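Right, one structure below, let's go through it.
The values are calculated or read from the model by the stated rules, or taken from the named source; none is laboratory data. Quick caveat: nothing in here was measured; it's all calculated off a predicted structure. Every residue, glycine among them, receives a Cβ derived from its backbone with ideal geometry; neighbour counts consider all protein chains shown.
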Amino acid sequence: MSILTFGIPIIGFVIEHSVSDKALAFELFGKWFIFSAVGLRLLLAGFKQVRQPAFTLKQIFHIDSPESFPILRELGFANICFGLVGAISLFMPEWRVVIAFASGLYYGMAGVQHGLKKPSGINDNFALWTDLIIFALLLIYFISMV
């Protein structure tokens with residue numbers, strides 16, 4: 001997931017700047033960051049949550065309860081929806097501020113929740129810190145664009 005969060009946005013930013021001579025500005029980085037860290041990351045997470053809810057329940061939430069599968073699948077549906085808007089924003093620039101706001105709130109609240117439950121392993125710590133970093137970058141993007 002760190003490739004989706006950091007690698008693809010940096011690569012897309014550098015390539016687009018090189019090919020089109022667009023300025024090395026946070027707006028250009030934000031375009032690729034939203035596409036990948038929101039769009040691709042949430043799409044993939046959503047599909048995994050819908051198809052394999054046990055993985056997220058056990059690895060992230062430490063819950064071993066098949067009765068919780070429908071709830072996790074609904075989270076997956078929400079992630080797919082956020083992810084689609086983030087991915088489509090690559091071609092619809094007017095959507096970027098809205099998805100930065102909405103998904104930024106989502107990542108921020110998820111990060112706070114991860115922090116409140118005291119991360120207990122590498123998956124918990126990764127989720128905590130990437131959620132908070134993504135929140136911060138989306139907040140900066142949103143503030144710079146409004």
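Just for helices (runs of 4 or more DSSP H) wholly inside the stretch 1-85: which have at least 2 residues that are hydroxyl-bearing (S, T, Y), surrounded by fewer than 15 Cβ atoms within 10 Å (Cβ to Cβ) and out of contact with any strand residue (DSSP E or B) (no Cβ under 9 Å at 6 or more places or on another chain)? So that I can check it myself, show each step before the final result.
On the way: elements: 8-20, 26-33, 41-51, 53-59.
Ranges flagged: 8-20.
Among the residues of the stretch 122-144, those that are modelled with pLDDT under 95, surrounded by fewer than 18 Cβ atoms within 10 Å (Cβ to Cβ) and either touching a helix residue (DSSP H, G or I) at 6+ places or on another chain (Cβ under 6 Å) or aromatic (F, W, Y) (or both) comprise N123, F126, W129.
Listed here are the residues, each with its yes/no results for (1) hydrophobic (A, V, I, L, M, F, W, C); (2) within 16 Å of F33 (Cα to Cα).
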site	(1), (2)
T56	no, no
P70	no, no
F82	yes, yes
I88	yes, yes
P93	no, yes
G104	no, yes
G111	no, no
I134	yes, yes
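Scan the stretch 87-112 for residues that are in contact with a helix residue (DSSP H, G or I) (Cβ under 8 Å, 6 or more places away or on another chain) and farther than 15 Å from D131 by Cβ and the total you get is 11. Answer with yes or no whether L57 is of a type outside the set (D, E) and more than 14 Å from the chain's Cα centre (by Cα). Yes.
Of all residues in the stretch 94-121, those that are surrounded by 13 or more Cβ atoms within 10 Å (Cβ to Cβ) and assigned to a helix (DSSP H, G or I) have Cβ atoms under 6 Å from Cβ atoms of residues that are among the small types (G, A, S) and modelled with pLDDT of 95 or more, 6 or more apart or on another chain, in W95/S89; R96/S89; I99/G86; I99/S89.
Against the criterion of being part of a helix (DSSP H, G or I) and buried (at least 16 other Cβ atoms within 10 Å of the Cβ), L90 does not qualify. What about A54, is it more than 20 Å from L4 (Cα to Cα) and either without any contact (Cβ under 8 Å) to a residue 24 or more places away in the chain or not aliphatic (A, V, I, L, M) (or both)? Criteria met by A54.
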